[in-house]
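**Student:** Before I ask anything, here is the structure I am working with.
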Amino acid sequence: MVSAESTTLTERQVEVLELREQGQTQQEVADRLGTTDSNISAIERAAEQNVTKARRTLELVQTIRSPVQFSVAPGTSFDDLVASVYAHGDEAGIKITYCRPELYTHLYGVLEECTKQSELTTTIDVGVTNDGEVRVYTDDF
């Protein structure tokens, strides 16, 4: 078994995730571990929540560590967001690694949950790394 040490997961969560990944049903895992399938379900849910929190923490840290940082208000169109990313990169002398269509696709993929009709529905924080990567963070997902 892989160790959960130095992660946000408990040993039990890792054990359950490994068994489920091997194709065992919740009931099979429950029988093996001497518990109920509803408890296994709760352990899986808690593990997924921990993974999501860890991922969000990483996104936040990557945004904070970016040398170029700016916020974008709700109601901003994707056209204006993309233009703003390029403008902030230009100001800092950083070449954005994405061409315009790729940047649209990247941002929409990351921000799909907080957009409506090609406009932001919440404030987002944008970071641009020295390598021209674009990082996005919002409290809403």
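Just so you know, all these numbers are worked out from the coordinates, no wet-lab data involved. If you're wondering where the values come from, they're calculated on a predicted model, not measured in any experiment. Positions of Cβ are generated from backbone atoms using ideal geometry, with glycine treated the same way; all protein chains shown enter the neighbour counts.
**Student:** Can you put VAL85, VAL68 in order, fewest other beta carbons within 10 Å first?
**Tutor:** Ascending number of Cβ neighbours within 10 Å: VAL68, VAL85.
**Student:** Could you size up the charge dipole of the chain around its Cα centre, putting +1 on the beta carbon of Lys and Arg and -1 on that of Asp and Glu, and report it in debye to the nearest 20? Working shown, then result.
**Tutor:** Details: 12 positive and 24 negative charges, 34 e Å.
It comes to approximately 160 debye.
**Student:** Divide by every residue of the chain the summed helix terms, -39500 (n - 2.57) for each DSSP H run of at least 4, and state the resulting mean residue ellipticity at 222 nm, rounded to the nearest 500 deg cm²/dmol.
**Tutor:** For the chain, the value works out to -17000 deg cm²/dmol.
**Student:** Decide, for the range 67-137, between rounded, prolate and oblate: order the square roots of the alpha carbon gyration tensor eigenvalues as a ≥ b ≥ c, take rounded if a/c falls under 1.5, and otherwise choose prolate if a/b is larger than b/c, else oblate.
**Tutor:** prolate
**Student:** While we're on this one: With Rg and the Kirkwood Rh both taken from Cα atoms, where does Rg over Rh land for the chain? Mind showing how you got there, number by number?
**Tutor:** On the way: Rg = 20.0 Å, Rh = 17.5 Å.
Here the Rg-to-Rh quotient is 1.14.
**Student:** Cα centroid distance between the range 101-139 and the range 48-82, in Å?
**Tutor:** 7 Å
**Student:** Which whole-number percentage describes the relative contact order of the chain, with Cα contacts under 8 Å and a sequence gap of 6 or more?
**Tutor:** The normalised contact order for the chain reaches 25 percent.
**Student:** Let me ask something else. By counting other Cβ atoms within 10 Å of each Cβ, how are ARG20, ARG32 ranked from fewest to most?
**Tutor:** Ranked by crowding around the Cβ, least crowded first: ARG32, ARG20.
**Student:** Hey, in the GNM for the chain with a 10 angstrom Cα cutoff, which one of LEU33, LEU17, LEU120 fluctuates hardest?
**Tutor:** Taking springs between Cα atoms under 10 Å, the residue moving most is LEU33.
**Student:** Once the Cα atoms of helix 11-21 and of the chain are each reduced to a long axis, what angle between those two axes, in degrees from 0 to 90 to the nearest 10, is obtained?
**Tutor:** 90 degrees
**Student:** Report, in degrees rounded to the nearest 10, the 0 to 90 angle that the Cα long axis of helix 37-64 makes with the longest principal axis of the chain.
**Tutor:** 30 degrees
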